[in-house]
Each structure stands twice: as C-alpha cells, then as structure tokens.
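A.B. asks: Please see the structure below; I have some questions.
Nothing in this text is a laboratory measurement; each read-out follows from the coordinates by a stated rule. Remember, predicted model here, so these are calculated numbers, not experimental data.
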Amino acid sequence: MALIISTVNMKGGVGKTTLTVNLAACLARHHKKRVLVVDLDSQISATLSLMPPQDFARIRKGRRTISHLIEMAIKPTLKQSLDINDIICPYIANVQGLDLLPGDIELYDEYLVSEMLHQKAHKDPSLDFQAIWNNFELVLIRKILAPIMDKYDFIIMDCAPGYNLVTRSGLAASDFYILPARPEPLSVVGIQLLQRRIRALRDSHQDTDPRNIDPIKLDLLGIVFILSGGSLLNRYYNQVMKRVSDDFTSTQIFKYKIPMDVNVAKALDTFQPVVVSMPNTAGAKAFMKLTEEFLAKLKEAGGLAEQRPSRINLADIE
C-alpha cells in the first residue's frame with residue numbers, strides 16, 4: 001500500500017509544486033521508490049513541470065486527466081471508457097519509477113456535484129445532506145486512487161492553495177501532509193489557516209461512519225521553508241522562522257531548507273525537476289538532503305511499516 005502525502009498551503013506562491021516534483025523525483029531516482037505525482041491544482045503547475053504544454057494538450061484532448069476520473073465519481077452511471085491505469089503517464093521526465101496523474105484546468109463542475117448529492121438526499125429523507133456531502137468528500141480521491149495503491153511506494157499530491165472539494169478530499173485521503181512555506185508574514189498566515197481548517201476537517205468527518213474510529217489520520221510530517229531574496233534578508237528570515245518555531249515542535253519543522261537558486265526556475269524550461277536536469281546545483285543538492293530527511297521522518301513516525309491497515313472500508317461508504 002502506498003503512503004499518500006499531500007503538499008499544501010492555503011497561500012499560493014510558496015514553492016508547493018517545486019517541492020512536490022523534486023521530492024518525487026528524488027525518491028524515484030536516488031532511492032529507487034515507485035512514486036506517483038497527482039496534480040490536484042487546476043493551475044496544473046505540477047503537470048507542466050513534468051511535461052511540455054503540447055503533450056498536455058494532447059492528453060487533455062483525449063480526456064486523459066484526473067478530471068475524467070472525478071467526473072466518473074460524480075456521474076457513476078456514465079459508461080467508463082478509461083480507468084486510472086489508462087490515464088497515468090509512466091516514466092515521466094525520463095525518470096524510472098516516476099509517474100504522473102495529470103491535472104486539468106477544469107477539475108469538476110460544482111453544480112453537478114451539488115445536484116448529485118441532493119438527489120441522494122431526496123431519495124432517502126432520513127439521510128442528512130451534510131453527512132452525504134462528508135461521505136462523498138471523504139472517499140472521492142481515495143476511491144480514485146484505490147485501484148493503483150499497491151503499485152506505488154508513495155503517492156504525492158500537489159493540492160490547490162485554496163480549500164475546495166478536491167483539496168479537502170485529497171487531505172482526507174492522505175496519511176501525512178507537508179507544509180511548504182516562505183519565511184514571510186503572509187506565508188505564515190497560510191500555515192495558521194491550514195492548521196485551523198485541518199482541525200475542522202477532522203471534526204466534520206469524525207462521526208461520518210461509526211464503524212471508523214478515526215476516518216482521517218492526516219499527520220503533519222513537517223514544514224519546509226523555501227527561501228527567496230538575498231543574504232541581506234537572512235536576519236529577517238530568521239525572525240519569521242522563529243515565530244513559526246514557537247508554534248510547532250522542532251520535529252515538525254524540516255531541518256533542511258531550500259535556498260534561492262535560479263536553476264530551480266530554469267529547470268522548468270526542460271520540463272524536468274532541477275534534481276534531474278541540473279543535479280549538481282545548490283537547489284538540487286538541497287532537495288536531495290531534504291528527501292533523506294523526509295524518509296527519516298517517516299521512519300520515526302512509523303509511516304514506513306511494510307503493511308499498514310486500511311483506515312476506511314470503501315465498500316461500506318457510498
């Protein structure tokens with residue numbers, strides 16, 4: 001069974017996608033792990049970091065993106081022409097063991113979701129609409145990923161900076177989440193907002209199904225600081241990072257930080273993570289160290305056990 005990791009922050013522009021694709025590439029290339037990147041952000045930054053726009057246009061025309069799988073979940077009576085194995089792009093960025101479930105600029109239709117759930121509530125007036133919504137939210141992404149869970153060591157999901165249905169469902173499906181942040185006040189606010197919303201997410205699903213004692217695990221693996229600006233700002237960076245450190249334990253903050261390195265941005269021109277296209281640069285080396293720390297943190301948290309019990313019986317929740 002794969003470990004599901006979400007990278008998420010309520011604020012955009014904090015390096016979330018950069019962290020996702022480079023961590024995934026390091027795990028596959030340097031640690032021989034089987035890794036699937038799942039793009040849950042309609043900005044499709046993770047997808048376009050790993051494939052040229054013309055390739056994305058081609059697969060989107062063929063409806064080979066995650067939006068097709070979400071549509072099947074919303075309208076299960078539709079004839080399913082493609083399954084998740086047809087949609088996953090293997091050997092992405094020329095890295096053995098690194099696959100991609102491409103995102104889409106239109107992930108789902110909110111009206112269709114609401115209509116489908118209201119129809120369920122109408123068929124059985126004894127069902128509470130909020131409970132129906134919570135059940136759907138709880139299993140949407142989990143059910144999409146269920147057929148390929150045994151194919152990967154890690155599934156790393158790049159979540160949207162907002163807090164929409166797909167982000168919430170992605171978090172609900174995750175074993176751990178990583179919080180990328182820049183040492184800037186607004187980024188810190190994003191951390192605080194996310195923590196509050198995750199607490200609310202746990203509370204809202206706690207009694208979704210009485211057969212599940214704890215339907216959402218979702219532990220914080222750590223905060224990763226991604227630096228920007230010049231050395232003159234180091235003192236200010238340290239002040240902001242200290243404010244974050246005061247709210248979290250030392251084990252909840254990654255020791256290794258990602259330095260400013262223009263090569264990380266330049267790597268996007270090659271549609272490969274910097275750890276693949278320019279492995280000897282400062283940014284790439286920092287991601288390699290961070291990946292080692294990531295694996296160590298998972299081991300300490302008990303997340304690398306050979307077999308982990310399933311938290312949710314998907315057949316029991318409709």
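A.B. asks: Suppose a student asked you for the relative contact order of segment 124-207, using Cα pairs under 8 Å spaced at least 6 residues apart; what percent would you report?
C.D. replies: In percent, rounded to a whole number, it is 34.
A.B. asks: How much length is gained if the chain between GLU292 and HIS30 is pulled fully straight, taking 0.36 nm per residue apart and subtracting their Cα-Cα distance, in nm to one decimal?
C.D. replies: 93.3 nm
A.B. asks: Considering only Cα-Cα distances, which of the following residue pairs are longer than 26 Å: LYS123/LYS151; LYS79/LYS123; LYS120/LYS143?
C.D. replies: Exceeds cut-off: LYS123/LYS151.
A.B. asks: In addition: Run the reach check for LYS299 against lysines, Cα to Cα strictly under 18 Å, same-chain hits fewer than 8 apart removed. What comes back?
C.D. replies: By straight Cα distance, LYS299 reaches LYS32, LYS33, LYS217, LYS255, LYS289.
A.B. asks: Right, something else. Determine the percent antiparallel among the DSSP beta bridges restricted to the chain, to the nearest 5.
C.D. replies: Antiparallel bridges: around 5 percent, rounded to the nearest 5.
A.B. asks: In addition: Got a sec to turn the phi values of segment 75-87 into Karplus ³J(HN,Hα) couplings, 6.51 cos²θ - 1.76 cosθ + 1.60 with θ = phi - 60°, whole Hz, x for Gly and Pro?
C.D. replies: Whole-Hz 3J(HN,Hα) from phi for segment 75-87: 10, x, 7, 5, 5, 8, 8, 10, 10, 4, 5, 6, 8.
A.B. asks: What do you get for the angle between helix 129-145 and the principal long axis of the chain? Use alpha-carbon atoms, 0 to 90 degrees, nearest ten.
C.D. replies: Here the helix axis deviates by roughly 60 degrees.
A.B. asks: How far is helix 110-123 tilted, in degrees, relative to the longest principal axis of the Cα atoms in the chain, given as a value from 0 to 90 rounded to the nearest 10?
C.D. replies: Result, in degrees: 40.
A.B. asks: Specify the inter-centroid distance of segment 142-206 and segment 52-119, based on alpha-carbon positions, in whole Å.
C.D. replies: 19
A.B. asks: For segment 167-174, what does the Karplus curve 6.51 cos²θ - 1.76 cosθ + 1.60, with θ = phi - 60°, yield as ³J(HN,Hα) per residue in whole Hz, taken in order and with x for Gly and Pro?
C.D. replies: 4, 4, 5, x, 5, 4, 7, 8
A.B. asks: Calculate how steeply helix 185-205 sits against the longest principal axis of the alpha-carbon atoms of the chain, using the helix alpha-carbon long axis, and give the answer as 0 to 90 degrees to the nearest 10.
C.D. replies: 30
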